[in-house]
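The values are calculated or read from the model by the stated rules, or taken from the named source; none is laboratory data. Since the model is a prediction, treat every value here as computed from it, not as a measurement. When we count neighbours, we look across all protein chains shown, and the Cβ atoms used for this are built from the backbone with ideal geometry, even at glycine.
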Amino acid sequence: MVEEKEEKTEKKKLDLRRRPMPKQDHWERIKNFDEVALGYPVCLAQEEASRCIKCKKPACNLGCPVGIDIAGFIKYIVEGDFAAGIRKIKETNALPAICGRVCPQEEQCEKTCILGNKQAPVAIGRLERFLADWEAAEGRIEMPAMAPKTGKKVAVIGAGPAGITVANDLIIRGHEVTIFEALHESGGVLIYGIPEFRLPKSIVNREVEYVKKLGVKIFTDFVVGKTRTVDSLLEEYDAVFVGSGAGLPWFMEIPGENLNGVYSANEYLTRVNLMKGFRFPEYDTPVKRPSRVAVVGGGNVAMDSARTAVRLGADEVHLVYRRSKAELPARAEEVENAEEEGVIFDLLTLPVRVVGDEHGWIKEMECLRMELGAPDESGRRKPIPVKGSEFRVPFDAVIMAIGNGPNPLIQMTTAGLEVNKKGGLAADPQTGRTSRPKIWAGGDIVRGAATVISAMGDGRIAAASMHRYLMGEEG
Amino acid sequence: MYPILERRMIVPNMHEFTVHAPAVAQSVKPGHFIILRPDALGERIPLSVADWDREAGTVTSVFMQVGGTTAKLARLKPGDSIPTFVGPLGRETEIANFGTVLCVGGCYGIGSIYPIARALKEAGNRVVVLLEARSSFLLYWEDKLDRAANATFILTRDGTKGRKGHIGKIPELMESAGIVPDRVIVNGCTFQMMRVSEVTKPLGWKTIVNMNPIMIDGTGMCGVCRLSVGGKTKFACVDGPDFDGHEIDWPEFLARRKSYSPEEVDPLRHTSCQSRF
């Protein structure tokens, strides 16, 4: 009875102001690659957590692809029991420091938070990040309870978000897990794609070390499909999960795209993030530092590329997008960060041609102005070119950030695997099973370019199905 | 880490090195390449594979010292090791009984054409090998290639060995020997592959070239290795590296290969040039 009374008084004083997270000032951060968002200190985290109205039937949990008990961990933050809070998250999420930073929460848990109807939803992502960073700072990473060994062996292809989730879930259930990673570092897109200023690589390494501590073996420099085929792995392993991720970058198929100075976002970001090109010549991999840069696209990868170009010293960075601001697929927070950092948004603009000089280098980009017509099949208003609106802008570099297909290597080297209409592996969304027995798949290899958390969600579903199969509960 | 078993300069500026990499050695085939990093700060570069020993678990490659990364490789000694040596990558060279196959090798490609010639001979072809170099002192592996071939020709630009002349002389040379190849396979520097493709095109000799663009991941993710083949964009790391030389947009390819030339030599300015050959 007493408890209920207390709750009522709290509700009366309900504070609808979402606590902002401290971040580096924009004039400072454009000169470095350090993380922009600095995280909540304890006081702000507890204030923000106290905004949670403790719904009887919380809707936030339903918005989470891996089903974190959000209301549960927030309650522990209010109570100051951070150890219990992080334990609660880790029941269902192996990578909280990463998800807290890069999940599109406004499309997921925060979208279904009931407070959002009145004002801003609880900053769930920032609170998740707070607990993960608190645990790391404490230096006492708790190990989960491990099931007895089953004697079953699982091979996981790709040490990205999908693969790490599968490895985590299966080793806890007692299976022996080996990850095969093509690159020289584990983390997949978290390492090669997402920039340091949004997700520090030390955090990715920390999470990779955690699954290694659980007993997961990781072989880097190992390209399944090439170094060894899936079929050869199946002679040794009881089940295989394919999480080989993103593949060939898409281009616009306009003239001049193979000119020097035209990059895919994958190339540009890999040079900077995985290969540390921003520290050239200390690191050997070079990256160009052009002064006038166009980034084509409107998603998070486009924002990452544009903000990277700003940090590499460009005088002008233009984000070229064919629809209007309302349709930008990037997270609102990333758009805001890019604007603060001086990225110029050329909206309703469609590149039609890249023009080169006599040495094969880009000189200009020709574009068309667009206007919005009736909604298309995606529900967004369709951009229509304005006749005769061609114009040319001088650029030293164009970065194409318009998406990519799934990686082609596994499909090319494994017989009998059905392919979906995106060219990726066909997998049952309920189980992650492919068209072949003993082979599961998830993440970008199935979806094309999607999010970190959806890859993790796929991993979670596949791991559950693989476990049932390995225990003989599912054929 | 991948131990270096041997590294020696075989002709000026050209090095042969052998790495212990059993998983790669197990599945490598003619025409494949590997990607390596010379040290923890190093760049990822692709190198064609020139030989291997599956039982010993070793892979051999030949490289020319041109920039910062190959300068680091050129300083490796037996007992050293490198952090990345991944492969085999790309599609293997198509091996079948074509009849008479002319295998052209130049530069580092004298190394990588060797396993191709060997496999073609095993597949029943009459294998004609042609090696090209500016001068006789730049030729290597002639004995190995002699054994792999039914006939060997040598072209040097200064005439110090074999016939004197440029690679464009191939049709003339083949005609004088009475050879009409059913297929030509070229491994070597870009200019050589382009020139051979130019002179074989009017003769209708199918010409396969082993392309060597800039790469990073080498597994179909970054797209830096793209080139135009028959008017379509292809990715050398997963669609190639072998392509029909008559279909390639060579000027575009040459320009793309040079895009990082200033940066490739930049590290040399920052390292002390100690020669330890």
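Look at residue A:295 and say whether it is closer than 21 Å to residue A:198 by Cβ, among the aliphatic types (A, V, I, L, M), assigned to a strand (DSSP E or B) and in contact with a Leu (Cβ under 8 Å, 6 or more places away or on another chain). Considered against the rule, which asks whether it is closer than 21 Å to residue A:198 by Cβ, among the aliphatic types (A, V, I, L, M), assigned to a strand (DSSP E or B) and in contact with a Leu (Cβ under 8 Å, 6 or more places away or on another chain), residue A:295 comes out as yes.
Only one of the numbered conditions (1) of a type in the set (Val, Ile, Thr); (2) modelled with pLDDT of 90 or more; (3) in contact with a Lys or Arg (Cβ under 7 Å, 6 or more places away or on another chain) is violated by residue A:70, and that is (3). With respect to the conditions (1) crowded, with 18+ Cβ neighbours inside 10 Å; (2) out of contact with any Leu (no Cβ under 6 Å at 6 or more places or on another chain), residue A:428 falls short on a single one, namely (1). Residues in the stretch A:206-264 that are in contact with a strand residue (DSSP E or B) (Cβ under 8 Å, 6 or more places away or on another chain) and aromatic (Phe, Trp, Tyr): A:219, A:222, A:237, A:241, A:250, A:251, A:263.
Inspect the stretch A:124-144 for any residue being out of contact with any strand residue (DSSP E or B) (no Cβ under 9 Å at 6 or more places or on another chain) and within 30 Å of residue A:232 (Cα to Cα) and give the result as yes or no. No, because not a single residue in the stretch A:124-144 is out of contact with any strand residue (DSSP E or B) (no Cβ under 9 Å at 6 or more places or on another chain) and within 30 Å of residue A:232 (Cα to Cα).
Under the condition of being more than 14 Å from every other protein chain (Cβ to nearest Cβ), under 22 Å from residue B:237 (Cβ atoms) and not in a loop (DSSP other than H, G, I, E, B), the residues counted in the stretch B:65-96 number 0.
Note on the stretch B:29-64: among residues that are part of a strand (DSSP E or B) and charged (D, E, K, R), the one that is surrounded by the fewest Cβ atoms within 10 Å (Cβ to Cβ) is B:53.
Looking across the stretch B:254-268 at every residue that is hydrophobic (A, V, I, L, M, F, W, C) and at the interface with chain A (Cβ under 9 Å from one of its Cβ atoms), the one that is surrounded by the most Cβ atoms within 10 Å (Cβ to Cβ) is identified as B:255.
Could you list, ordered by first residue, the pairs with Cβ atoms under 7 Å in which the first is in the stretch B:210-224 and at the interface with chain A (Cβ under 7 Å from one of its Cβ atoms) and the second is in a loop (DSSP other than H, G, I, E, B) and among the charged types (D, E, K, R), at least 6 apart or interchain? That search, which allows pairs on different chains as well, returns B:216/B:44. The selection criterion, being at negative phi, surrounded by fewer than 24 Cβ atoms within 10 Å (Cβ to Cβ) and either more than 9 Å from chain B (Cβ to nearest Cβ) or of a type in the set (Ser, Thr, Tyr) (or both), holds for residue A:291.
Out of the residues in the stretch A:237-268 meeting the condition of being closer than 14 Å to residue A:439 by Cβ and surrounded by fewer than 22 Cβ atoms within 10 Å (Cβ to Cβ), tell me which one is farthest from the other protein chains (Cβ to nearest Cβ). Checking each candidate, the answer is A:238.
Does the stretch A:170-188 contain at least one residue that is out of contact with any strand residue (DSSP E or B) (no Cβ under 6 Å at 6 or more places or on another chain), among the aliphatic types (A, V, I, L, M) and within 14 Å of chain B (Cβ to nearest Cβ)? Yes; the residues of the stretch A:170-188 include at least one that is out of contact with any strand residue (DSSP E or B) (no Cβ under 6 Å at 6 or more places or on another chain), among the aliphatic types (A, V, I, L, M) and within 14 Å of chain B (Cβ to nearest Cβ). Residues that are modelled with pLDDT of 95 or more, away from chain B (no Cβ under 14 Å) and part of a strand (DSSP E or B) do occur in the stretch A:426-438. Taking the listed residues A:231, A:221, the one that is in contact (Cβ under 8 Å) with a residue 40 or more places away in the chain, surrounded by fewer than 17 Cβ atoms within 10 Å (Cβ to Cβ) and within 14 Å of chain B (Cβ to nearest Cβ) is A:231, with no other qualifying. The single condition from (1) part of a helix (DSSP H, G or I); (2) more than 14 Å from chain A (Cβ to nearest Cβ); (3) within 30 Å of residue A:224 (Cβ to Cβ) that residue B:238 fails is (2). Out of all the residues in the stretch B:117-125, is one or more more than 14 Å from chain A (Cβ to nearest Cβ), basic (Lys, Arg) and touching a residue at least 12 places away in the same chain (Cβ under 8 Å)? Within the stretch B:117-125 (the criterion being more than 14 Å from chain A (Cβ to nearest Cβ), basic (Lys, Arg) and touching a residue at least 12 places away in the same chain (Cβ under 8 Å)), the answer is yes, since at least one residue qualifies. For residue A:319, are the conditions met, namely being hydrophobic (A, V, I, L, M, F, W, C), touching a residue at least 24 places away in the same chain (Cβ under 8 Å), buried (at least 22 other Cβ atoms within 10 Å of the Cβ) and within 12 Å of chain B (Cβ to nearest Cβ)? The answer is no for residue A:319. In the stretch A:396-408, the qualifying residues are those that are surrounded by fewer than 24 Cβ atoms within 10 Å (Cβ to Cβ) and within 30 Å of residue A:434 (Cα to Cα), and the one that is farthest from the chain's Cα centre (by Cα) is A:408. Within the stretch B:4-39, the set of residues being touching a residue at least 40 places away in the same chain (Cβ under 8 Å), within 14 Å of chain A (Cβ to nearest Cβ) and not aliphatic (A, V, I, L, M) comprises B:27, B:29, B:31, B:32, B:33, B:37, B:38, B:39. Screening residue A:63 against (1) modelled with pLDDT of 90 or more; (2) touching a Cys at 6+ places or on another chain (Cβ under 7 Å); (3) of a type outside the set (Val, Ile, Thr) leaves a single unmet condition, (1). Among residues of the stretch A:269-279 being outside any helix (DSSP H, G or I) and touching a helix residue (DSSP H, G or I) at 6+ places or on another chain (Cβ under 7 Å), the one that is surrounded by the fewest Cβ atoms within 10 Å (Cβ to Cβ) is A:274.
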